Amino acid sequence: MQIHPSSIIEDGAVIGEGAEIGPFCHLGSRVTLGPGAKLVSHVVIAGNTTIGANVHIYPFASLGHAPQHLKYRGEDTRLVIGDNCLVRESVTMNPGTVQGRSETTIGNDCSFFTGAHVAHDCQLGANVTLINNVMLAGHCVIGDHATIAGGSGIHQFTRIGHHAYIGGLAAVEGDVIPFGMVLGNRAYLSGLNVIGMKRAGFNREAVRNVRKAYRMLFSDDLTFRENMDEVQSEYPDDPLVQDLLGFIRSGGDRAICFPRHSRPA
């Protein structure tokens, strides 16, 4: 363990084996820092915050301070960050609220680039990437391997499916299906994140089936509900297609993002 003498570690903080804390950092009394974590300098971690192993945090990151919620009254809520995450300069993450889950959670192997913000009660899966200045409002749910490009804003309570891609500067106010790709302000579904699927190791048949299911779902020939029934009949045993249908059926507080040419009926 290495702690620079200029840093302040309050009594009660737990520092894991092999952690490195550089100059001018401040860790609160209820912070737990995992083994092998590295704080470069000028990092402030407050509140009931747990950070996993081998997390690398850059200057001016602010983690675990009071949520930006006008009803917050100092309740004991949490921020939990998984292992092997990268947190670049000026990233902010807030704990949960009692109006929500009382916890904000970040999965393993996530990357947060300069200026990204994760608000209260968000749930992020594993291998999620937030590029510079992405803004997640409260209660968002982000699936595994999702990528949100620079300057995008995600409306509160929005769900982003796994392996989805959000284009730069998008303003997303509707749920994004797994493997979906959205663009624009307001964001619309522009196709599938096929490149992301290939990088993730999905084979050609899997990609082909999801692409065909996507075309069927958003065809204008039938209503959206009828299209879902058609896809269900066509691919009753395909796990990726069924996962996509399950995401839609499970619903949420926001409507689904649709392509520009198609709207639900």
### Query
Just a yes or no: is a residue in the stretch 181-203 free of Cβ contacts under 8 Å to residues at least 60 places away in the same chain, in a loop (DSSP other than H, G, I, E, B) and within 11 Å of the chain's Cα centre (by Cα)?
no
#### Entry: Extreme residue, nearest to Asn94 (Cα to Cα), among residues of the stretch 62-84 that are under 17 Å from the mean Cα position of the chain (by Cα) and open to solvent by 50 Å² or more (accessible area, probe 1.4 Å)
Arg78
## Note on the structure
With the first residue restricted to the stretch 236-254 and required to be open to solvent by 80 Å² or more (accessible area, probe 1.4 Å), and the second required to be hydrophobic (A, V, I, L, M, F, W, C) and part of a helix (DSSP H, G or I), Cβ contacts under 9 Å at 6 or more apart or on different chains are Pro239/Ala206; Arg249/Met228
### Query
If you go through the stretch 250-261 one residue at a time, do you hit one that is in a helix (DSSP H, G or I), among the charged types (D, E, K, R) and more than 28 Å from Thr97 (Cβ to Cβ)?
no
### Query
Do we find a residue being open to solvent by 50 Å² or more (accessible area, probe 1.4 Å) and closer than 24 Å to Phe157 by Cβ anywhere in the stretch 88-100?
yes
## Note on the structure
Quick count over the stretch 80-101, residues being of a type in the set (A, V, I, L, M, F, W, C), part of a loop (DSSP other than H, G, I, E, B) and under 13 Å from Lys38 (Cβ atoms), is 1
### Query
Consider Arg215 against the criteria (1) farther than 21 Å from Asp121 by Cβ; (2) open to solvent by less than 10 Å² (accessible area, probe 1.4 Å): it satisfies all of them except one. Which criterion is unmet?
(2)
### Task
Answer yes if at least one residue in the stretch 122-130 is in a strand (DSSP E or B), open to solvent by less than 20 Å² (accessible area, probe 1.4 Å), within 23 Å of Val43 (Cα to Cα) and touching a strand residue (DSSP E or B) at 6+ places or on another chain (Cβ under 6 Å), and no otherwise.
yes
### Query
How many residues does the stretch 132-162 contain that are open to solvent by 20 Å² or more (accessible area, probe 1.4 Å) and either assigned to a loop (DSSP other than H, G, I, E, B) or in contact with a Phe, Trp or Tyr (Cβ under 7 Å, 6 or more places away or on another chain) (or both)?
13
### Message
Which numbered condition in (1) farther than 20 Å from Met135 by Cα; (2) open to solvent by less than 70 Å² (accessible area, probe 1.4 Å) is the only one that Ala171 fails?
### Response
(1)
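The values are calculated or read from the model by the stated rules, or taken from the named source; none is laboratory data. Remember, it's a predicted structure, so these values are computed and weren't measured experimentally. Neighbour counts are summed over all protein chains in view; Cβ atoms, including those assigned to glycine, are modelled from backbone coordinates with ideal geometry. These area figures cover heavy atoms from the full protein model, side chains too; ligands, DNA and RNA do not enter into them. Shrake-Rupley method; radii C 1.70, N 1.55, O 1.52, S 1.80 Å.
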